[in-house]
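Just so it is clear, none of the values below were taken in a lab; they were calculated from the coordinates. The shown structure was predicted, so the numbers you read here are calculated from the model rather than taken from an experiment. We place every Cβ from the backbone using ideal geometry, glycine too, and count neighbours over all the protein chains shown.
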Amino acid sequence: MQTTFPRLLLKHASERPDAPAMREKEYGIWQTTSWADMAKMVAHMACGLHQAGLTRGEHLVVIGSNRPRLYATMLAAQSLGAIPIPLYQDAAGPECVFPLNNAEVRFAVVEDQEQVDKLLEIREQCPQIAHIFFDDPRGLRKYDEPGLASLEELLAAGEVFATQHPDFYLGEVEKAHTDDVGAMFFTSGTTGNPKGVVHTHNSLINRAEAGALFDKLTSHEDVLAYLPPAWIGQNIFSYAQWLYCGYVVNCPESAATVTIDLKEVGPTYYFAPPRVFEGLLTSVMIRMEDAGAIKRGMFHYFMDVARKYGPTKMDGKSIGLVGEFLYALGNFFVYGPLRNNLGMSRVRVAYTAGEAIGPDLFSFYRSIGVNLKQLYGSTETAVFVCLQPDHEARADTVGVPCAGVEIKVADNGEILVKSPGLLKGYYKNDAATAEVLTADGWYHTSDAGFLDAHGHLKIIDRVKDVGRIKGGANDGAMFAPKYVENKLKFFPHIKEVVAYGDQREKVCVMINIDFDAVGNWAERRNLPYAGYTDLAQKPEVYGLIKECVEKVNADLSADELLAGSQVSRFLVLHKELDADDGELTRTNKVRRGYIAEKYEALVSALYNGATEQFIETQVKFEDGRTGSVSATLKLSDAKTFTPVGKAA
Amino acid sequence: MSKKIGDVILDVKNISLRFGGVKALTDISFNVREHEVRAIIGPNGAGKSSMLNCINGVYTPSEGSITFRGETFSHMDSHQVATMGIARTFQNLALFKGMSVLDNIMTGRNLRMKSNLFMQALRIGPAENEEMAHREKVERIIDFLEIQAFRKTPVGQLPYGLQKRVDLGRALALEPQVLLLDEPMAGMNVEEKQDMCRFILDVNDEFGTTIVLIEHDMGVVMDISDRVVVLDYGKKIGDGTPDEVRNNEEVISAYLGTSH
């Protein structure tokens, strides 16, 4: 298809000018922007940016949460042939320095005072920043920094320019080609500087189309945009597919109101990483435990019914007359109200991706009638590589290759992808591009996995992380840290896990408890605690976690490939791993190497058999100040099991 | 920083307040200029809240006068004070715990409603349009104070720091010219205090509201005030910019104690 994002916008604006394009909740009311309004705003903004000096091929950063005017900014930049780069709104100032300098950014459009302050703070390191436009003027009245102006002023100036040069905007849109660079996304990266992933209009629109056709999306979908726009997933769902399908994107009032807004909007097409689904489920379960006996009894009874029949029904298979009857009853009394409460009454297609999802969690949503599925993709592939078809969703696979995608597995187990949605390259980083993109067009995902008998892709771990146990009883056994970590994380009491074992004689893990879940568990047992650190070190909590670890070991012992990855020792960390402290990436993935260095004392204690270890750690608060947390941590052994294969 | 501080808006002259034989305030004089942040500080029992209560009309001073916008009063009447555009928040919160955040803030609009109880109850005549207009004002305050997520939550269920914010919201609903804040940061943690400071400065900045606040936390006061009055045992012992007050011998001895 030979189109660009601005052309898609103009198409919707001319075909259905009054249809809603975006809604934003403001002052307690959902305010609608129609396609015609959107097109007008984009045109004015483009004129304003042109007047301010934005040129073809130049980069512009957009920093903020999901706001209609920030999305309009991306369209305005693309209309002029400039390249928008959305950056994570919760990234600290210094984290923005590299992308800004790497892409030689002169123009920034940001949401509010917080983001303005961030850019002003790093302006010395990025002297090329000439213009900062902000959406929300609150608190910015007194600022008189050079180049700082509101979007309001930009739009007003643009409107004047547009009346003087009525043909300018369309002329600029006409100049663009579908193979021009459309947008750039910085990947958080677990090591080194972030890399700018360059995508053309075509690669993004092509994948948006593939996803839309796969799930038969129409212009009648409602989507809630609540994840960072800098993340390609959100960008695909609330930008590329929005413009391709012409559906309505709803922007929540604030980060704190997302669950309320979700209920009000009732999206039909929904996306969330596993942790969001888990959070929703945890809050439901905790509230259910506090409900009256009758309600609780009914809930548990019908959830058992759902577990028995729900997934089968979701797969489109027959569940018999009794099953149908009980399920219908449950649907009336429990599942329907529950879906409504979760804001999922109207969900037709829901996706989760980014991380492995626990089988219990996955089947919970499917059993209550939410069509939750998994997909596989990354920033480099413009998301859609594999998708699960309706009726074929499994917790342990990520679906079948979608239109236009070819997949093959390399000799080392790495998955290679060929697709029209592949990146053009990494910005100013040919070496990195050459590493992942071969001359014959295969992209190296660096994920290890295989296609199962039904043609579904199954992911095990990152190729570089798959290691071997060295010495000890399991010498030479395969060790897949993420696989072990995920298995542990599927327990509601465990929030984060870091596993070590490569080139060592046994597997040891460091665990973060889930403060809400374990806190609640402790309160129910009248177990007093003074805070996170105290709770984490309670012997009872160690007992609870030990049970989880041993269940995982029992499970692993049945796995032919990974029986050697059973966990011998563990400890519970005294503080939550945090992206602000560099322990997690901005997308909440553990940075194993960095953590090993930072908590060197703990890792060696795990391996030298100590029962206690003192540790002091620096922590960074949200406002940039630092402090330190110290504690003496206990270390605990866990029972391992003889592999099932060997015992026989 | 280009804040324009105007003329004297509130002038307190020679105020004394006695409860029987106890002298709560003795001959206090100070003034407040338009658009400034004016703090009243002092140790426990110094008479800070009594001072605010005199301005607010809760107490009638035994001597002295208060001039607001050129009109001089020997005592203030609470209702009249509110109508003139002076709103306040309370040290120990005075919210309707069972009512939602929205409704609590809506009560702050009461003085500005013209339709009577009967019309409001039945939503007839101008009552409906009026309610919508007031609701919009209240929504703007909710947005301003970033409490959208708690719009429908009963106030009693909110943590203390948020209740304080609702209290501020209700005072703002009056669209006051002068806002009296009684220990807005008492009992808050560092983060809540920072938030509250930002809101106070934003109110001052965005709406040009003059602010008179009582505060215990010296750090906070020195950071956000333009001028500070210091009371001790019902007497004024210092008055000036934060720097002047910080270096005032009497103030130092009142706060840190001296060797006699």
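Results, tabulated for the structure shown:
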quantity	calculated
Karplus-derived 3J(HN,Hα), 6.51/-1.76/1.60, for each residue of region B:60-68, Hz, glycine and proline x	9, x, 6, 9, x, 9, 10, 10, 10
Selected from B:Phe207, B:Phe118, B:Phe90 as most flexible by GNM, with chain B as the system and alpha-carbon contacts under 10 Å	B:Phe118
Cα-centre dipole for chain A with unit charges at Cβ (Lys and Arg positive, Asp and Glu negative), debye to 20	1460 debye
Rel. contact order, % - alpha carbon contacts under 8 angstrom, at least six apart, chain B	27 percent
In region A:497-566, GluC sites (Glu not before Pro) in a DSSP loop with at most 12 other beta-carbon atoms within 10 Å	A:Glu560
Given charges at Cβ of Lys, Arg, Asp, Glu: region A:398-514 dipole, positive-most of A:Pro420, A:Thr445, A:Ile511	A:Ile511
Separation between Cα centres of region A:497-559 and region A:367-413, rounded to whole Å	31 Å
Between helix A:93-102 and chain A: long-axis angle, C-alpha atoms, 0 to 90°, nearest 10	60 degrees
Cα-based shape type of region B:1-104, given that a ≥ b ≥ c are square roots of the gyration tensor eigenvalues and the cut on a/c is 1.5	oblate
Shielding by partners, peptide B:148-157 (average Cβ within 10 angstrom, other chains)	3
Contact order relative to length of region A:459-509, as percent, for alpha carbon pairs under 8 angstrom and 6 or more apart	39 percent
Trypsin sites (Lys or Arg not before Pro) restricted to region A:590-631 and DSSP loop, no more than 11 other C-beta within 10 Å	A:Arg625
Cα centroid separation, region B:128-149 to region A:258-325 (Å)	35 Å
Candidates B:Lys48, B:Lys235, B:Lys23: whichever shows maximal mean-square fluctuation once chain B is modelled as a Gaussian network with Cα springs under 10 Å	B:Lys23
Total charge dipole magnitude, region A:409-514, about the Cα centre, Cβ charges on Lys, Arg, Asp, Glu only, Debye to nearest 20	200 debye
Listed peptides A:21-27, A:337-343, A:562-568 by packing density, highest first (mean Cβ within 10 Å)	A:562-568, A:21-27, A:337-343
Using alpha-carbon coordinates, inclination of helix B:127-144 to the longest axis of chain B, degrees	50 degrees
Distant alpha-carbon pairs in the protein assembly as shown (separation over 38 angstrom), percent	54 percent
Only Lys, Arg (+1) and Asp, Glu (-1) charged, at Cβ; region B:133-260 dipole about Cα centre in debye	560 debye
Partner lysines for A:Lys428 [C-alpha distance under 18 Å; skip if fewer than 8 residues away on the same chain]	A:Lys195
Helical mean residue ellipticity (222 nm; -39500 (n - 2.57) per DSSP H run of 4+; nearest 500) of chain B	-11000 deg cm²/dmol
Local electrostatic count, B:Leu102, Cβ distance below 13 Å [Lys/Arg +1, Asp/Glu -1]	+2
Pairwise centroid distance, computed over Cα atoms, of region A:65-80 with region B:81-112, Å	40 Å
Estimated vicinal HN-Hα couplings, Hz - region A:627-636 in sequence order (Karplus 6.51, -1.76, 1.60; Gly, Pro = x)	x, 9, 10, 10, 6, 9, 9, 8, 10, 10
Amide H contacts under 5 Å for A:Glu221, placed H, 5+ residues apart	A:Val248
Residue order, fewest to most surrounding Cβ atoms within 10 angstrom, among A:Cys245, A:Cys386	A:Cys245, A:Cys386
Members of A:Lys470/A:Lys575; A:Lys589/B:Lys152; A:Lys489/A:Lys634; A:Lys489/A:Lys538; A:Lys40/A:Lys373 lying beyond 27 Å, as alpha-carbon distances in this model show	A:Lys470/A:Lys575; A:Lys589/B:Lys152; A:Lys40/A:Lys373
Residues with amide H under 5 Å from that of A:Asn371, placed H, sequence gap 5 or more	A:Ala350
For chain A, calculated [θ]222 nm from helices alone, where every DSSP H run of n ≥ 4 adds -39500 (n - 2.57)	-11500 deg cm²/dmol
Sparse-neighbourhood loop sites, chymotrypsin sites (Phe, Trp or Tyr not before Pro) in region A:308-414 - DSSP loop, at most 13 other Cβ within 10 angstrom	none
Note, ³J(HN,Hα) from phi for region A:238-253, Karplus 6.51, -1.76, 1.60, rounded to Hz, x at Gly and Pro	10, 9, 4, 6, 4, 6, 5, 8, x, 8, 9, 9, 10, 9, x, 5
Tilt relative to chain B, helix B:190-206 - C-alpha long axis, 0 to 90 degrees, to 10	80 degrees
Rel. contact order, % - alpha carbon contacts under 8 angstrom, at least six apart, chain A	9 percent
Under 5 Å, built H, 5+ apart or other chain: amide partners of B:Ala24	B:Leu17, B:Arg18, B:Phe19
